[in-house]
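Structure first, then comments.
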Amino acid sequence: MDELLILVSPTDRRTGVACKTEVHQRGLRHRAFSILLFDPFGRLLLQQRALGKYHSGGLWTNTCCGHPRAGELTRVAAQRRLQEEMGLTCTLHRVASMLYHEEVSNQLIEHEFDHVFVGICGTNPVANPEEAADWEWLVLEEIAARINHTPELFTVWFRKMFERFAAEGVRQWFDTAFKASASRASGRPTAQGQSPWATPSLYCIAPSRIDPALAAKVDERLLPWIERTGIFPGQHAKVRAMGFGRFAMLCHTDTDDPDRLLLAAQCFAALFALDDYYCDDERTGSEPRMVGPRLSIALAALEPAHLGEGFRADLEQALNSDPVLVALRAYLNRVETLATPAQLARVRHEIVAMFVAMTAEAAWRVEGLTPALWEYLAHRQVNSFLPCLSLIDIVGGYELPANVYSAPAVRRVTTLAASATIIANDLFSARKEQQAGIGDFNLPLLLVREQRCSPQEAMTQSAAIHDEIMLLYEAAERDVLPQASPLLKRYLLGLKSWLAGNVEWHRTSSRYQV
């Protein structure tokens, strides 16, 4: 058992090696892989671990698992282990990663950064009896049902896989492998193979509502508002394809009132316009040196500036001559009609905090500075979707009291959710942001610069950071729930819906298509 395993950081950076026994006795974080083989019909090959395995003997699990040896590439190790355990060879595709820490049998602990590989195989295995006692091909729905009814029969990492990615996420892995297999047979490259910036699978929550008709109703109300404010001029079709109404429908699932959902869509439109025209996209007039002065004026669009008679006309002219400021003020005016004064103050606070972070990012560009990863991640918590999350109860038609919203434990849940949403944004927008004239800062690009790794490796590490934050969010939510009031439980459910809807919207919106 005492081969050397690779110890890693939470982002899979190699930190050393240790003996396999010590690793599992002490729960040291180490590199691992899990393989899922599908047949061409989408059935997954399960393995029942041999009774004599050092832990989890007799339990059902995915096709094959293992650890790369010191100095061995993970993909090479996966191919080796698949042959050793199941007597199979096929092309493998890396589709996801999973960081977990769980006790297993025999007083051992699995603490793995697990790389997930998938492949297509139409051949039955020839299992090594020292590794596998039995095997079975099953459809994903049947696997999910069995895990639900008899979880004790499955390994902890396999259960985690279905908890985190759900059967639908695993089915997407099959689709990835099947398309790659078909493409290879025809001699054509896959779409994923064309770009190293392709977004890996993320640990995310499945959206609880997908209602295209409701999304269309919100867009029908939003597009005339966009035309009146003047943002995105001449881009009617492009804005519709971005799907801000769909964004609102996906994220705010505790109301089906299109007029309330319109508020969330107006928030998206106004803040994305501000980001494009002021901060990120030099093709639309963004100028880093002017970000601070422009945002300073934008403060008067958030909250009325009470000036003397001789200065009001100049301020009004400035606010009315810039479509971004027109949209921002119109959005805040509508917040005021639906929110209490405390809720309105909260919305303003989150936007002002975001302005501070935007100004810092502009200074990085002007001075040619590259922030440390910790600095960027701390900045990203604020320069995030927090201003949008602050609408959860307003759109829902209730009020989470200010003292509850600001309580440290609740704030931790909210800010972790905000960080997860914006890192997902960094991943889905990474390919687009390689174009000339668009912002210089996203997490994958910083990883490329700091660690001198490939774009594909940076995307994988960014996905791992996202997934780790999701785990922290879930732990923070669990800490709050037992003492939560009905209103707080409703708010926490709104946060969960927001996380699910955010990934689904980014995955499908034309805003991030190149």
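The numbers here are math on the coordinates, done by the rules we state, and not lab data. In this text the structure is predicted, and so the values were computed from the model without any measurement. Positions of Cβ are backbone-derived with ideal geometry, glycine not excepted, and every protein chain shown enters the neighbour counts.
Annotations
- With R₀ set to 45 Å, the beta-carbon distance separating residue 227 from residue 80 gives a calculated FRET efficiency near 0.15.
- The protection proxy used here, the mean number of other Cβ atoms lying within 10 Å of each residue, ranks peptides 289-301, 479-491 as follows, highest first: 289-301, 479-491.
- At 1.306 mPa s and 10 °C, Stokes diffusion of region 212-512 via Kirkwood alpha-carbon radius, µm² per second: 80
- Mean Cα-pair separation over length for the chain, i.e. relative contact order, pairs under 8 Å, 6 or more apart, %: 15
- Near residue 22: Cβ cut-off under 13 Å, other residues only, Lys/Arg at +1 and Asp/Glu at -1. The net charge is +1.
- Straight Cα distances below 19 angstrom link residue 217 to the lysines 238, with same-chain residues fewer than 8 positions distant left out.
- Spatially proximal lysines relative to residue 53 (Cα-Cα < 18 Å; intrachain offsets below 8 disregarded): 20
- Each of residue 454 and residue 179 was given a label point 7 Å from its Cα along the Cα-to-Cβ line. The distance between the two points is 2.0 nm.
- Value of D in µm² per second that Stokes-Einstein yields for region 4-194, Kirkwood Rh from Cα pairs, at 25 °C (0.890 mPa s): 145
- Packing-based order for 497-503, 247-253, using average beta carbon neighbours within 10 Å, highest first: 247-253, 497-503
- Diffusion coefficient (Stokes-Einstein, Kirkwood radius over C-alpha pairs, 10 °C, 1.306 mPa s) for the chain: 64 µm²/s, rounded to a whole number.
- Calculated FRET efficiency for the pair residue 349/residue 311, C-beta based, R₀ 30 Å, to 0.05: 0.70
- Under 19 Å of direct C-alpha separation, and excluding same-chain neighbours fewer than eight residues apart, residue 160 reaches these lysines: 496.
- Computed on the Cα trace of region 1-71, the radius of gyration divided by the Kirkwood hydrodynamic radius gives Rg/Rh = 1.04.
- For the pair residue 342 and residue 406 in one chain, pulling the backbone fully straight at 0.36 nm per residue adds 21.9 nm over the alpha carbon distance.
- With R₀ fixed at 30 Å, the C-beta to C-beta distance from residue 123 to residue 166 puts the FRET efficiency at about 0.60.
- Binned Cα-Cα distance frequencies in region 341-459 - 5 Å width, integer %: 2, 10, 18, 22, 18, 11, 9, 6, 3, 0
- Span-like helix criteria (full DSSP H runs; alpha carbon extent of at least 20 Å along the helix axis; mean Kyte-Doolittle hydropathy of at least 0.5) are satisfied in the chain by 258-274, 323-338, 408-429.
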